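**Q** Could you have a look at this structure, given as structure tokens, before my questions?
The values are calculated or read from the model by the stated rules, or taken from the named source; none is laboratory data. Owing to the predicted nature of the structure, the values given are computational and were not obtained by experimental measurement. Methodologically, a virtual Cβ is constructed for each residue, glycine included, from the backbone with ideal geometry; neighbour enumeration extends over all protein chains shown.
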Amino acid sequence: MASTHTEHTLAGSKAAAISNHVVRTMSEYTGRGPTKARTYLNDDVVTVVLQDTLTKGERSLVGDNLDDLVLTMRKAFQCTMRTDLVSGVEDILGRTVMAFMSDNHIAPDAAVEIFLLAPVTNGSHSHGARSAKPDRTG
């Protein structure tokens, strides 16, 4: 079935909502959110690419060659933010997130958040928007 303009618009608005949610959540936890975010919706995978993520303090630590410390702190933040990030994506898409992965890079200053969605049980595919939420058990 060919994609319609409405499906692309819906997917675009959901992608923008996810980007905004991730930036807002990161800002709440770290005091500063990334300045660039782009979300890609591909069937059962949501990928959020972030740029300019480091705080002033983290950039200072990088300047003192403490990259590993910054990456360790970022990993801790992402573990702490996990519940809020996942619940926001689930609310926006109406789908269950079955796995969340996150990683950071220092130079260039970039990060990625990946959400693996549970398979759709009703057989419909509409670029991320699902009406049925799969069961989390099992």
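**Q** In the range 84-108, which residues are in contact with a strand residue (DSSP E or B) (Cβ under 6 Å, 6 or more places away or on another chain) and either more than 17 Å from ARG24 (Cα to Cα) or of a type outside the set (D, E, K, R) (or both)?
**A** Hits for the range 84-108 are VAL86, VAL89, ARG95, VAL97, MET98, ALA99, PHE100, MET101, SER102, ASP103, ASN104.
**Q** May I ask you to list the residues in the range 11-37 that are farther than 22 Å from LYS75 by Cβ and surrounded by fewer than 17 Cβ atoms within 10 Å (Cβ to Cβ)?
**A** GLY12, SER13, ALA16, ALA17, ASN20
**Q** Let me ask something additional. Looking at (1) outside any loop (DSSP other than H, G, I, E, B); (2) closer than 17 Å to LYS14 by Cβ; (3) not acidic (Asp, Glu), which one does THR80 not meet, given that it meets all the others?
**A** With respect to (1) outside any loop (DSSP other than H, G, I, E, B); (2) closer than 17 Å to LYS14 by Cβ; (3) not acidic (Asp, Glu), THR80 is out only on (2).
For (1) part of a helix (DSSP H, G or I); (2) more than 19 Å from the chain's Cα centre (by Cα), each residue gets a yes or a no:
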site: ARG38; (1), (2): no, no
site: VAL49; (1), (2): no, no
site: THR53; (1), (2): no, no
site: ARG59; (1), (2): yes, yes
site: ASN65; (1), (2): no, yes
site: VAL70; (1), (2): yes, yes
site: MET73; (1), (2): yes, no
site: ALA76; (1), (2): yes, no
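**Q** Just give me the residues in the range 81-94 being buried (at least 17 other Cβ atoms within 10 Å of the Cβ) and either over 16 Å from ASP44 (Cα atoms) or touching a helix residue (DSSP H, G or I) at 6+ places or on another chain (Cβ under 8 Å) (or both), in sequence order.
**A** MET81, LEU85, GLY88, VAL89, ILE92, LEU93
**Q** Give me the residue from the range 47-83 that is touching a residue at least 40 places away in the same chain (Cβ under 8 Å) and of a type in the set (Ser, Thr, Tyr) and, out of that set, nearest to ARG24 (Cα to Cα).
**A** THR53
**Q** Another question about this same structure. Please work out if GLN78 is surrounded by 14 or more Cβ atoms within 10 Å (Cβ to Cβ) and either modelled with pLDDT of 95 or more or within 19 Å of ALA17 (Cβ to Cβ) (or both).
**A** The answer is no for GLN78.
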